[in-house]
Amino acid sequence: QVQLVESGGDLVQPGGSLRLSCAASGIAFSFYTMGWYRQAPGKQRELVARITSGSIINYADSAKGRFTVSRDNAKNTVYLQMNSLKPENTAVYYCNAVLKATYYWGQGTQVTVSS
């Protein structure tokens, strides 16, 4: 059974930082492209960052310079370090695993940026 379990979401003040984690099980993790997506209320789910099996990284323009995605294949875990958070970063953040035509989603973790 495949599971992607996100953690680390929280309520944080503007300018603060959070580190999200996504622990994967049931997949050959090192072969998968791992991504972080987010969905704000009333908006479509959008890509935040992704990292391929070869550690090629892509960021959404809104994430460049403030967010860092990384992976630890030994722990089957992908991370998203988020710095200088803004209220507009408030969303449910989802982990995604993709290998060719196969993909999986986690259940999401809530990030709220508010004073």
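We did not get these values from a lab; they are worked out from the coordinates using the rules stated. Bear in mind the structure is a predicted one, so any value in this text is a computation, not a measurement. For neighbour counting, all protein chains shown are included, and Cβ atoms are generated from backbone atoms with ideal geometry for every residue, glycine included.
For the chain, calculate the relative contact order in percent as a whole number, restricting contacts to Cα pairs under 8 Å that are 6 or more residues apart.
36 percent
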From phi via Karplus (6.51, -1.76, 1.60), per-residue ³J(HN,Hα) for segment 63-77 in Hz, x at Gly/Pro: 9, 4, x, 10, 10, 9, 9, 8, 9, 10, 5, 5, 9, 6, 9
Report the net charge of residues surrounding Thr77, where surrounding means a beta-carbon distance below 13 angstrom and charges are Lys +1, Arg +1, Asp -1, Glu -1. +1
The long-range amide H neighbours of Ser62, using H built 1.01 Å from N in the peptide plane and a cut-off of under 5 Å, are none
Proximal lysines to Lys86, defined as alpha-carbon separation beneath 19 angstrom and excluding residues fewer than eight positions away on the same chain: Lys43, Lys64
Rounded to the nearest 20 debye, what is the charge dipole size of the chain about its Cα centre when +1 sits on each Lys and Arg Cβ and -1 on each Asp and Glu Cβ? 160 debye
Using θ = phi - 60° and the Karplus relation 6.51 cos²θ - 1.76 cosθ + 1.60, list the HN-Hα couplings for segment 45-62 in order, rounded to whole Hz, with x at every Gly or Pro. 5, 9, 5, 9, 6, 8, 9, 7, 4, x, 6, 7, 10, 10, 10, 5, 4, 5
